[in-house]
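Here the structure is laid out as structure tokens; the discussion comes afterwards.
The values are calculated or read from the model by the stated rules, or taken from the named source; none is laboratory data. The shown structure was predicted, so the numbers you read here are calculated from the model rather than taken from an experiment. Here the Cβ is made from the backbone with ideal geometry for all residues, glycine too, and neighbour counts use every protein chain on show. Note: areas computed on protein heavy atoms with side chains; ligands, DNA, RNA excluded. Shrake-Rupley method; radii C 1.70, N 1.55, O 1.52, S 1.80 Å.
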Amino acid sequence: MEKREDLRSILPYLGVVVEGSSVLWPSPVIEPLKAISRGPDHSGIHSGELLFLAISDLRHSLSLSSQRLSASAPHGYALFFDKLLSRPESSKWFAEVLPALANLLLRFPSLLEFHYRNADTLIDGVQTGLRILDSQQSGIVFLSQELIGALLTCSFFCLFPITNRDAKHLPMINFDHLFSCLYDIYDEKMENKIKCIVHYFERICSQMPTGLVSFERKVLPLEDSPFCVTYPKADLWSKSAVPLCHFEVHRSGLIEDQSKEALEVDFANRYIGGGALRRGCVQEEIRFMINPELIAGMLFLPSMADNEAIEVVGPERFSNYTGEINKAFCGFFDQSKCQQYQRLFKGDGLCGAHLDQGVQGPDSISWNNLLLQEAPYASVGTNEGIYGDQQIRNAEEKGGHSLGHRYDIGVVTGNWGCGAFGGDPELKTIIQWLAASQALRPFISYHTFGVEALKTLDKVIQWILSHKWTVGDLWDMLVEYSTQRLRGETSLGFFTWLLPSLSAPDATMMDMAD
């Protein structure tokens, strides 16, 4: 066990130790955890205040006392469990849930051993063990939902070492700042974030889920390669003859509530999770609260570069709530289809030198976005319009593979980067449409969330589709518009610039077509 490179890479960040073929908690931790597992009559823990004292003792047993937690964390645990939870809820938590979590921690080393014993045989020839997935190194990790539960319990008890996480560009993983933020400046949203986490623990303690969740780091190489599609160059977009895919506009509803099988786009921070374990409460942070298993990725996934993305498959939703073109392309494209493209186009002499220069393989993406879906996919880039609709049809007629917009999985997305990052909703909409089309996705299902700037989106989409524009046609218009904006030649929004009649209150589709 101690010779495994994957385990060695993550071991400094776990708190456990390895002796021979065994993974173990340091011995001083065992008896306190056993006491907690027997319930409040044995542990004496029946309040948030006493819970944090027990957390401090466990950290001392792990020699983590010098790695200080947030100063307000003790007050946050006390506030939530002693004041914000009702007396019956609090009593149940300390009598039933906390002991079950302690039992899960006691099983944590054996869960890790089982994980690594099976990691090499899960997928032939693919490394799937828990490890640091470093920047610019594509790879995948499969974790059982039970192991994820144990990892998140470590976060709740603040048992993960934090030394050198910054040096590795890893986000925070312990929950001390989450509780600290609740106390420092009370906000109902912070209370509800913690309630989502608490509900998750209640659920897994009553019935542990038995599935797997995969976390995949995808990288589009910046250098040409004969085995994979690399980071797209600018002229790819201008020369693309790919037809634009079907576009659905939704003015209400949530991305995560869509019913079709599709990639769900999370407009993410370059650090996975963003402010989920702090005060953040926008799309990414909300998603991490209602799907807490996503938080596990924060343990081992360093920050994303411009040519990277992270794809997560299989996280369960436990709660409800109310409430730049290569990046998108890299995320939307199914890199695993690369060889099919090569077979299709080489047989017809359609590849040319461009395909030979580099179409990328099954594990690449690029953008600071998180992708969630039911079935795995990968991402890629294509080359200079070789996927023109006519060429695809001709190849199919000759018995080749079907490579038009025929993937079963589309894209469900929304106003990427248009909130805290101040992006232009009109441009972001078009960029994602271009990327999904070039990636040969069958449709893009776009949620506008009632943004005023997108009130004419339906009309613009219909007009563009009525003219049968390709990806290259629309891209050229986008470039021309951007050039005029930079030169100060126009101050109009893209939609009005493209279709001046949109500014007229009684504009009709017939007017625009004329």
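What to note about this one:
- Across the cross-link table entries Lys189/Lys459; Lys3/Lys218; Lys233/Lys455; Lys193/Lys455; Lys34/Lys83, which are compared at the Cα atoms, the separations over 29 Å belong to Lys189/Lys459; Lys233/Lys455; Lys193/Lys455.
- Simple point charges give the picture: +1 on the Cβ of Lys and Arg, -1 on the Cβ of Asp and Glu, and for region 1-108 a dipole about the Cα centre of about 80 debye.
- Within the full protein context, the accessible area of Val282 is estimated at about 90 Å² for a probe radius of 1.4 Å.
- Here the Karplus curve 6.51 cos²θ - 1.76 cosθ + 1.60, taken at θ = phi - 60°, turns the phi angles of region 147-155 into couplings of 5, 4, x, 5, 4, 5, 5, 4, 5 Hz, with x standing for Gly and Pro.
- Here the spin labels are modelled as points 7 Å beyond Cα on the Cα-Cβ line, and at Gln207 and Arg270 they lie 4.3 nm apart.
- Sequentially through region 10-27, phi angles give Karplus couplings (6.51, -1.76, 1.60; θ = phi - 60°) of 9, 3, x, 10, 9, x, 8, 10, 10, 10, x, 9, 10, 9, 9, 6, x, 3 Hz, Gly and Pro residues having no value and appearing as x.
- Residue-by-residue Karplus 3J(HN,Hα) for region 426-439, coefficients 6.51, -1.76, 1.60, Hz, glycine and proline x: 5, 5, 5, 4, 5, 4, 5, 5, 4, 5, 5, 5, 5, 7
- Heavy-atom accessible area per residue - region 1-130, 1.4 Å, Å²: 50
- Fraction of accessible area attributable to carbon and sulfur, region 83-216 (%, probe 1.4 Å): 50
- Basic side chains Lys and Arg get +1 at the Cβ, acidic Asp and Glu get -1 at the Cβ, and with that the dipole of region 109-253 about its Cα centre reaches some 180 debye.
- Label separation (Ala35 vs His250): 5.1 nm, computed from points 7 Å beyond Cα along the C-beta direction.
- Legend: calculated FRET efficiency, Ser66 to Arg107, from the Cβ-Cβ distance at R0 = 25 Å, rounded to 0.05, equals 0.35.
- The relative contact order of region 62-147, computed from alpha carbon pairs under 8 Å that lie at least 6 residues apart in sequence, is 17 percent.
- The label-point distance for Ser135 and His199, in a model that sets each label 7 Å from Cα toward Cβ, rounds to 3.6 nm.
- Here region 88-243 was treated as a single set of alpha-carbon atoms; its pair distances binned every 5 Å from 0 give 2, 7, 12, 15, 16, 14, 11, 8, 7, 6, 3, 1, 0, 0 percent.
- Efficiency of FRET from Cβ geometry, Glu489 and Ser56, R₀ 51 Å, rounded to 0.05: 0.20
- Accessible surface for Asp166 stands near 130 Å², nearest 10, in the context of the full protein assembly shown (1.4 Å probe).
- Fully extended contour minus Cα-Cα distance, from Ser482 to Glu452, at 0.36 nm per residue: 8.7 nm
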